[in-house]
Structure formats: C-alpha cells, structure tokens
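Data block below; observations after.
Taken together, the values in this text are just the output of simple stated rules run on the coordinates, not laboratory data. Being a predicted model, the structure only gives us computed values, none of them experimental.
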Amino acid sequence: MTGGIGAVKNIPYNSETGLVLPREVQLQRMKRVMAQELTEIQRQILTLYYFENKRPAEIARIRGVHRSTVLRTLRRAENRLRRFLQY
C-alpha cells in the first residue's frame, strides 16, 4: 500500500480516487444512509428502480403518479445519497 494522507492500514488506497472500501462496507454505508437520510418515498423509488429493475414508467404506474415525478424523486434521492456517502 502506498502511503498518503488518509491511507488506513489494510484498506486499499488508490492515489487517484482515495480509499477503496470493500463492497460489503460500501453496501452497509449505503443502506444506513438510505434508512436515515432518505424519505420513505425516495427509498421506495430507489429500491424499485435499482434493486427490482423497474422502469420509471412502471414505477409511476405502481405509485399512481406521473413519470416526471418518479424521475425527479429518483434524482433527488441519488443526490442525497451521493452527498452523504462522500468521504
């Protein structure tokens, strides 16, 4: 492992992107942020879109809203996730 500011023992460090956390750690962090920082609707839409592979039109039909509402909610949820998952 090359040293560097922020390098932690036994965690890979990439000089271009910084720390590279194991996938399990990344998933745990994402689940925690989803549970604590997103609204219930944002969680539902993210789950339908990413984990159940539903298209925005399908999600809109399921939720009884317009497709643009689904896309807007998805974008806001992704932005919140990104903000809270940054190092």
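Some notes on this structure:
- When you work out D = kT/(6 pi eta Rh) for the range 22-85 at 37 °C and 0.692 mPa s, using the Kirkwood radius from C-alpha pairs as Rh and the Stokes-Einstein form, the result is 273 µm²/s.
- Estimated vicinal HN-Hα couplings, Hz - the range 53-60 in sequence order (Karplus 6.51, -1.76, 1.60; Gly, Pro = x): 6, 8, 7, x, 5, 5, 4, 4
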